[in-house]
Amino acid sequence: MTRTFALIACVLTIVVSSPAAATSREAGSPIHCRSVKIPTGLAAGAKTSYTIYGELCTPPGGPRRTIQILVHGGTYSHTYWAFPGFHGKYQYSRVMNRAGYATLAIDLLGVGRSSHPPSGQVTITVEAYAVHVAIQAARHGGIGHRYRHVILVGHSLGTLTNDIEASTYHDEDGFIATGTSHGPGFTGFGSIFAKARPALLDPVTAPQIPTGDLGYLSAPGARPTFYQGGRVNPKVERADENTRQPVAAGYAATLLPYLLDTSLLNTNRIKVPVLLVNGRKDAVFCKQGGDGASTNCASTAGLKRAEAPYYARSAHLVTDVLADSGHDINLVPNAHRWYDVALRWCRRHVPPRRDSNARPDALGPRGDLRYVPADTDATTRCQSSRAAGLVGPDAVVSALITHSRGGPASDLARSRRLRLINSGAHKAIPSPDSTRSSSVATSFTSRFKSRRTPALLMACSARSRIRQPSGKPTRFRRASCRTVTVFDVVSGSSSRHTTANRVRL
């Protein structure tokens with residue numbers, strides 16, 4: 001390494017996708033989706049007589065090491081996470097796919113394309129076990145690839161089911177809860193259950209119900225409660241109503257004790273990072289919805305004060321409130337806002353690490369760098385190596401762009417200068433191993449004019465502060481060091497090098 005390296009220093013910040021970038025378009029999409037079926041029983045050790053259906057979507061470039069498992073709420077199916085039509089505007093899973101995450105959106109038992117056991121046997125603990133089976137299948141190759149990291153995402157009753165799964169099995173690395181709280185309103189639930197009828201008598205749901213099983217319920221006309229208090233496209237609400245799904249009576253009945261005493265959910269046993277997002281006027285779970293809930297969703301801070309006592313400190317609870325939204329935050333006009341919140345949180349806590357067998361594709365369609373090969377634990381603990389300079393006093397990181405056909409070593413000398421177009425938001429993070437504050441955050445965002453594959457990152461721990469004058473573009477003081485860490489974005493490998501001459505960054 002010599003002084004001739006053409007480097008541009010960039011501050012490590014949380015990757016923030018703009019709404020335009022976050023909106024998924026199916027046309028020409030490199031995302032690959034396929035159907036999977038996962039064998040399951042009704043409990044551990046039981047005969048695997050049933051199957052869980054899931055839509056598995058992998059990001060551009062193929063599978064990586066992180067997958068999000070998506071669990072829908074009551075009267076919905078897996079399509080809640082990628083609502084069809086409307087130019088792909090309401091598709092959480094596609095946003096995550098484009099950001100590098102695989103997604104597995106499942107149908108719970110008794111719903112959609114999953115098996116429909118006798119309705120009385122489908123309880124909330126059975127559904128929690130089914131989610132556990134899906135997680136284990138993702139981790140151990142049961143869906144065609146082994147994923148090392150799992151983020152469990154749920155909505156409404158799906159979140160409550162995930163609460164039981166996470167507090168029982170502890171097999172996820174991150175937890176996203178939406179449309180839920182520990183102070184539900186029974187007027188809101190009552191307005192939904194008041195519309196319940198046997199699903200066999202509802203022409204929309206009847207075709208998927210086993211013959212003669214009147215224990216599966218449908219709730220036609222319940223959508224106004226889900227959208228109450230927020231803005232909604234009437235066409236979306238009609239399409240939503242016309243694709244309603246059944247709920248097993250056993251599931252609804254065994255859910256009731258958890259609603260009467262939410263401490264039974266044992267969310268204090270969830271030890272992984274947790275993100276909780278609600279619509280401000282959620283009629284079922286928020287006080288502002290006006291249907292008897294006690295949870296304050298007036299602001300992000302208010303929601304956190306209300307919910308924090310129910311979670312362990314190790315969950316590092318983060319909350320967000322989506323304005324102009326009721327219960328169904330995925331299907332409102334400003335849904336992209338919560339998609340962005342979730343994406344920033346995911347990248348910080350469980351990044352989409354690249355699999356060594358995947359095809360390189362580190363650039364998004366607009367040339368924004370999607371992936372940083374960094375270890376989350378090293379990021380939070382900040383050990384001596386200061387992994388990739390992600391956290392630590394005065395760390396400076398530089399990006400190299402290289403010819404994709406050449407090797408990293410040969411391309412170092414031919415590296416091209418990158419122009420930083422947008423450095424994004426900056427956030428200071430305290431360094432655990434120093435009394436000095438760090439000016440470096442846990443990830444970074446940069447948009448480059450070049451469309452070539454970014455192959456390398458270079459980190460150099462040096463005592464040089466990063467300045468950010470108010471109202472001016474980000475500027476950097478020069479730093480120099482003899483020991484640098486080079487990260488191969490494609491393979492995820494890293495190596496440390498000591499040079500004879502000091503390298504200026």
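Side notes on the structure shown:
- For the stretch 245-289, radius of gyration divided by Kirkwood radius, i.e. Rg to Rh on alpha-carbons: 1.03
- Protection proxy ranking of 106-115, 230-239, 77-86, 277-286, by the mean of other Cβ atoms within 10 Å over each peptide's residues and highest first, is 277-286, 106-115, 77-86, 230-239.
- Per-selection Rg to Rh, the stretch 159-310 - Cα, Kirkwood hydrodynamic radius: 0.99
- Computed P(r) (all Cα pairs; the stretch 61-203; 5 Å bins; percent): 2, 9, 17, 21, 21, 15, 8, 4, 2, 0
- The stretch 264-324: translational diffusion in µm²/s, Stokes-Einstein, Kirkwood Rh over Cα pairs, 4 °C, 1.567 mPa s: 110
- Expressed as a whole percent, the accessible surface of the stretch 197-236 that belongs to carbon and sulfur atoms is 63, based on a 1.4 Å probe.
- Net charge of neighbours whose Cβ lies under 14 Å from the Cβ of residue 291, counting Lys and Arg as +1 and Asp and Glu as -1: +2
- Net charge contributed by nearby residues that have their C-beta within less than 9 Å of residue 132 (K/R +1, D/E -1): -2
- Descending principal axes extents, the stretch 168-244, alpha-carbon based, whole Å: 40, 36, 24
The values are calculated or read from the model by the stated rules, or taken from the named source; none is laboratory data. Keep in mind that what you see is a predicted model, and the values were worked out from it rather than measured. All Cβ positions, glycine included, derive from the backbone under ideal geometry; neighbour counts span all protein chains shown. Areas reflect the complete protein model, heavy atoms only, side chains present, ligands, DNA and RNA absent. Shrake-Rupley method; radii C 1.70, N 1.55, O 1.52, S 1.80 Å.
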